[in-house]
Amino acid sequence: MKNLLILLALMFAFTTTNTGCTKSETEEPGKEEPAGPDTPPQEDEIDWKKIDPKATVRGVVRCEGKGVQGVVVTDGVNMTRTDKQGAYGLRTSSATSKLVYLTIPSGYEVASTHGFIPSFYRKITAATSLDKVQQFDFTLKKRNNDQHILIVSADMHIRNRSMISSTSATTPSICPPKGELDSVTFRRTYLAYLREYVKKLPAGVPVYGLNLGDMTQETHWTNNRYKATLSNFVTVCERGGMPIQTFHVIGNHDHDMAVLNITTEDDSEAELAYNTVFGPTYYAFNLGKVHYVVLDNTQYRNLSSDKRGYDVHLNARQLEWAQKDANYMTSDVERIVIAWHCPAFRRNPVASSPQPMDNANDLLDIYKGKQVPITILSGHNHIAETVTVPRSDIDATEYTHPCVCGAWWYFPLCHDGAPATFTRYDFTGGRMTKRQSVNFNDEQEQYYRICKPGVNADGKSVIRINIWDWHTNWKFECRENGVVIPSPKFRSVGQFDDRYVEVHDACGNGIAEFDFLNKYMTDHILEYEPVTPTAEVQITATDETGTQLFVIKTKL
């Protein structure tokens, strides 16, 4: 019986082998066999000379062991796509490029380092040459992110120092505890709230973060007491349990002030510390039908230790790269999101320094033929401001975000009265379905604060409301004692936020030494002049997407 089973097994094996050979022999000459399932490309299967015989770096992009075709790979100067085996080659010079990185394609993610930094780049650690081509491979994982949520934050300014060194009976209750380091306050408030907030988001919808820069304060990098480096910031986030993969933007305070004699557009040496921790300072990635472009618009200048500064400017290298990126953009993109640190445009003429970006329109010219809406995300000014870009040939809006640190960790208010917040963006395809600044210190104060009543230019008593996310294209319905007011006297005024002034003046602890924290005359304080001074007033706000945001009930 045993011999019979062995004989049958040998006959089956011979039949199977012979059938395979017969099939190959009977194929129609010149006709390709149908493509079979993808298999992981082995290095000896790839003819690298056919990809680019002059490439100095090369690699393979895989997902689940299979090569991924069409992935954009760049070194910040050159750009290419992977072939059907997932292979690429770049003519990279290590004199001008320190990193090789992907534009993460839609429907994919990358792993995170330190629990939250996306691993989409590789460091070039040796001189590039044709004699010794360097290989950098990447791994993707599939994720349906056509619908996704983006959590945007700006200006943490972690310095590992305490701002409240003394307290008294008049110290405002919203100030952090005496002696608490800002890094501890950051973990106790922002990170703790974010962890719980993310848990409550819709199940199955991917959530990502975007940090708009100034994570640190470069003046404290070499201070032996504080040692608040970029690496320290990563440690703070790890200890605080940063819950989402977060893409980063370089800010002016994330440049290395020890690098002197920067007199040209090339400030790359001052960015090396940032490159080591977070990767490239300009790059792109795709989530669903949204194409994200991250850029560095702080042109660092450092003539000497006492002559430092920056301009809001995109250097020529980034503009050239952005043009290539636009050329490689897939045709199914329905929205472009640009992220940088400093605002490019202004709505309020007395907005904080520096001056608006000098060549923002050069960048926007690259995208005007795409015929998709453009959303610009910025921080830096520590205020809330929304600007419709003044161009008729594109649909572009810039959102400037309040800062996470508030009044530099003295208390959680920005100097326009907006609370310290992060901002949530929901996207389905290329459509923005939700935008809301989230106050992570006070859940009861998410959209507005009712200020003290005032008197307008006509001497009439008015209700004043600070609505930090307000934009000029919002609609307001006003009712008095339940009756709609057909033409309400509801307008933007330049005013100080009285709550900010009150807390600032009572804070002490040397806050007056920082001119940047002085009260700010914002234009997102709105005033309503009641028709009937004694009436109960109800104000309903609807944003530019047609979403009813909130209803305010108040009276003089």
**Study point:** Candidate aspartates and glutamates for bridging to residue 555, where Cα separation is under 15 Å - those fewer than 8 sequence places away on the same chain excluded
**Key:** 480, 527, 529, 536
Check your understanding: Local charge sum around residue 54 (other residues, Cβ-Cβ under 13 Å, Lys/Arg +1, Asp/Glu -1)?
Key -> +2
Study note, to complete from the structure: With only helices counted (DSSP H, runs n ≥ 4, each -39500 (n - 2.57)), the per-residue ellipticity at 222 nm for the chain, to the nearest 500, works out to -4500 deg cm²/dmol
Check your understanding: In straight Cα distance, which lysines are under 30 Å from residue 368, not counting same-chain residues fewer than 8 positions off?
Key -> 289, 324, 434, 475
Point to revise | Charge context of residue 316, other residues only, Cβ under 12 angstrom, K/R +1, D/E -1 | key: -3
Point to revise | Longest to shortest principal axis, alpha-carbon extents of the stretch 144-439, angstrom | key: 59, 50, 37
Revision key, fill the gap. hull vol. (C-alpha, convex hull) per residue for the chain, Å³ -> 237 Å³
Review point. Which order results if 116, 285 are arranged by neighbouring Cβ count within 10 Å, fewest first?
Key: 116, 285
**Study point:** Loop GluC sites (Glu not before Pro), the stretch 479-542 (other Cβ atoms within 10 Å of the site Cβ: 14 or fewer; DSSP)
**Key:** 536
Point to revise | Sum of side-chain charges, residue 223 neighbourhood, beta-carbon under 13 Å (Lys, Arg +1; Asp, Glu -1) | key: +3
Point to revise | Cα Rg, Dmax (largest Cα-Cα span) when computed across the stretch 448-554, Å | key: 15.6, 50
Check your understanding: At what distance in nm do the modelled label points of residue 169 and residue 391 sit from each other, each positioned 7 Å from its Cα along Cα→Cβ?
Key -> 5.9 nm
Exercise for review: Work the Kirkwood hydrodynamic radius out for the stretch 55-126: mean of 1/r over every pair of different alpha-carbon atoms, inverted, in Å.
Suggested key: 12.7 Å
Check your understanding: Which ordering of 474, 321, 221, 340 is given by a fewest-first count of other beta-carbon atoms within 10 Å?
Key -> 474, 221, 321, 340
Exercise for review: Give the value in nm², to one decimal: projected area of the alpha carbon convex hull of the stretch 341-477, averaged over all directions.
Suggested key: 10.7 nm²
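Each value in this text was obtained by applying a stated rule to the coordinates, not by laboratory testing. Just so we're clear, the structure is a prediction, and the values are computed from it rather than from any experiment. Virtual Cβ from ideal backbone geometry, glycine too; neighbours counted across all protein chains shown.
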